[in-house]
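The values are calculated or read from the model by the stated rules, or taken from the named source; none is laboratory data. These numbers were taken from a predicted model, which means no experiment stands behind them. Quick reminder, even Gly has a Cβ in these numbers, built from the backbone with ideal geometry, and neighbours come from all protein chains shown.
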Amino acid sequence: MAMKREMIGKPLTPRKIEVTRAKIRELATATGDTNPIYHDVEEAQEAGYKDLAMPLTFPTTFNFWGSLPKDAVPEDLGMPKVGGLHGEEEYTYLAPIYPGDELTGVNRLVDVTEKQGRSGTMEFGTLETVYTNQHGQEVLKVKTVVIARTPNPAS
């Protein structure tokens, strides 16, 4: 399946995410991070945060917990639903994000490249997502690289 280059630059249907204390604690617990700023509000406030701090890799969960508008059909970018590889994730924080924030993320496919490997062709799709909070302030930019492989036909 080839990634759809005609989708490059087009904003995709916005995804909504509500940041909650429970999800912050859940991720910290799942990753074995016992830092109290992710578990205890008072400890986080003593460390200078307004509420629980958000682990730096927390945005990885947004694609799992976020929701599209009711009746929205996700755009087909030609990326594999199964068998794709996660190649890279990069976060640029623009403002603090805390429990209670309601974020809206807009994805764009920004690049597709191909490389020939020994076992077949690999496509690298780069997505950029900009998240704004409930006040319309940009708070986070995410770059994600997804890899799809098309094996060489058997000889």
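Data overview
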read-out: Selection within the stretch 27-58 - charged (D, E, K, R), assigned to a helix (DSSP H, G or I) and surrounded by 15 or more Cβ atoms within 10 Å (Cβ to Cβ); value: Glu43
read-out: Cβ-Cβ under 8 Å pairs, at least 6 apart or on other chains, the stretch 10-33 side without any contact (Cβ under 8 Å) to a residue 60 or more places away in the chain, far side assigned to a loop (DSSP other than H, G, I, E, B) and aliphatic (A, V, I, L, M); value: Arg25/Leu52
read-out: Residue satisfying all of: in the stretch 134-145; in contact with a Leu (Cβ under 7 Å, 6 or more places away or on another chain) and of a type outside the set (D, E, K, R); modelled with the lowest pLDDT among these; value: Thr144
read-out: Subset of the stretch 34-52 [of a type outside the set (Asp, Glu) and either within 16 Å of Asp101 (Cβ to Cβ) or touching a residue at least 60 places away in the same chain (Cβ under 8 Å) (or both)]; value: Tyr38, Val41, Ala44, Tyr49, Lys50, Leu52
read-out: Selected residue (criterion: surrounded by the most Cβ atoms within 10 Å (Cβ to Cβ)) from residues of the stretch 12-26 that are touching a Pro at 6+ places or on another chain (Cβ under 6 Å) and not in a helix (DSSP H, G or I); value: Val19
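This table checks each residue for (1) of a type in the set (Asp, Glu); (2) surrounded by 14 or more Cβ atoms within 10 Å (Cβ to Cβ); (3) out of contact with any strand residue (DSSP E or B) (no Cβ under 8 Å at 6 or more places or on another chain).
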| residue | (1), (2), (3) |
| --- | --- |
| Ser67 | no, no, no |
| Gly84 | no, yes, no |
| Glu90 | yes, no, no |
| Asn107 | no, yes, no |
| Phe124 | no, yes, no |
| Val130 | no, yes, no |
| Gln134 | no, no, no |
| Glu138 | yes, no, no |
| Ile147 | no, yes, no |
